[in-house]
Structure formats: structure tokens, C-alpha cells
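S.K.: Have a look at the structure that comes next, please.
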Amino acid sequence: MRQILVYSSFSWLALAGGLHFAIDVVAQFARGARAPGPETTLYYGLHSAYALGLVLFGGFGLLVARQAPALLSQWPALALTVFAAAAWLVLAFVFIEYRPPRILISVFAVLVLALVATR
């Protein structure tokens, strides 16, 4: 059960990051939804960095789950994962003005809390 939670939480995070980048950066750029300017640059930069962080942390989590599964049952790794989930929740609720990224990271936070509870 624990391995399923580990793989599902980090897979969800990587998938959420990829979808966030595809929808909020690539699709809006391809449609020309935003007029060129400093606000657009900041928008694309924020969302690109946010999505890249999700994909990288999810990918590294999957790598650790595959190579050293015992590491993810120790408190330092769990604390880092909980801290990352909390930080992404704060970023999503403070800087991202619409709902889907908030829902995606909230699902990851719930999966991480379930992972901590099964330790």
C-alpha cells in the first residue's frame, strides 16, 4: 500500500507539472492570449518555473522511489516532501489566480499526508 502511495503521489506531481506547463504556458503562448509586455513575461516565467519545479521534484521522487525505496520512509525525506507540498500550496494560493493548479497541488498534498500517515 505504501509503495502505491509513493508512486501515485510523485507520478501525480510530475503529471500535474507537465499539464500545468502545457495548459498555462504553451497553449496560451500558441493562442497569443496575452499581449507582449512585462506582465506577460512575469506570467510565463512564474508558471514555467512552477511547472518545472513540479516535474523535477516528481521525477526525482520517482527516481528515489525506484532506486532507494527505504529512503522515503525516513523522516528527513518525508519532511522535505511535506515542506515542498506546503510551499507549492502557498505559491498556488497566493500567486496563481485560478482554481485548477490549486486543485492539482491540493491532491498532491493529500497524497503526501496519507504517505506520512502510513509511515
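S.K.: Tell me which residues, restricted to region 30-50, are surrounded by 13 or more Cβ atoms within 10 Å (Cβ to Cβ) and over 26 Å from Ala84 (Cβ atoms).
M.R.: Result: Arg34, Thr40.
S.K.: Go through region 95-114 and give me each residue that's over 15 Å from the mean Cα position of the chain (by Cα) and either within 26 Å of Phe21 (Cα to Cα) or among the β-branched types (Val, Ile, Thr) (or both).
M.R.: Listed by number, the residues that qualify are Glu97, Tyr98.
S.K.: Got a sec? Which helices (runs of 4 or more DSSP H) wholly within region 8-95 have at least 2 residues that are among the polar types (S, T, N, Q)?
M.R.: Per the criteria, 38-67.
S.K.: Which one of Arg66, Arg2 is free of Cβ contacts under 8 Å to residues at least 40 places away in the same chain and either under 21 Å from Val116 (Cβ atoms) or among the basic types (Lys, Arg) (or both)?
M.R.: It is Arg66.
Any read-out appearing in this document is the output of simple, stated calculations on the displayed coordinates, not a laboratory observation. Remember, it's a predicted structure, so these values are computed and weren't measured experimentally. When we count neighbours, we look across all protein chains shown, and the Cβ atoms used for this are built from the backbone with ideal geometry, even at glycine.
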